[in-house]
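The values are calculated or read from the model by the stated rules, or taken from the named source; none is laboratory data. For clarity, every value in this text was computed on a predicted model and none was experimentally measured. Cβ: placed from backbone, ideal geometry, glycine included. Neighbour counts: every protein chain shown.
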Amino acid sequence: MLSISNFVTHSVRIRKELVSPRRCIGWPAPVQNPPHNANMHGAPPILTINAKNDPETSYIWANSLLAQINGAVLLTRDRDRHTLYILKGETATVIDAYLVNGTPPAPNIILKT
């Protein structure tokens, strides 16, 4: 059964995903940086980070980006919200280890906090 909390989280995400692109339809200026594939090769290990229920950036988009960056690792927080690092917890600890040591976590890691 869908709880009120889950309903609100998913409703907000759906609303933002439907409303935000509509704001740009008919914009009179040309797009300066249109979406494109990253196609990155030969870069040092890159850590991508996303929450499963992020209301701003889709988890599907995070996995798509991961597929475009050779050697990248996706760190997933199994929660909602957009700003993961300031929430501290396991996710921030793994990010700190990456930033300090330059070593990415194991592929497909999913953390609760």
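Figures for the structure shown
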item: Single residue of the stretch 20-64 satisfying the filter (among the basic types (Lys, Arg) and more than 16 Å from Leu75 (Cα to Cα)) that is modelled with the highest pLDDT; result: Arg23
item: Selected residue [surrounded by fewer than 13 Cβ atoms within 10 Å (Cβ to Cβ), touching a helix residue (DSSP H, G or I) at 6+ places or on another chain (Cβ under 9 Å) and either in a strand (DSSP E or B) or not β-branched (Val, Ile, Thr) (or both)] from Asn37, Asn50; result: Asn37
item: Residue in the stretch 65-85 that is nearest to Asn37 (Cα to Cα), counting only those that are in a strand (DSSP E or B) and more than 10 Å from the chain's Cα centre (by Cα); result: Ile69
item: Yes/no for Ala62 being surrounded by fewer than 14 Cβ atoms within 10 Å (Cβ to Cβ) and part of a helix (DSSP H, G or I); result: no
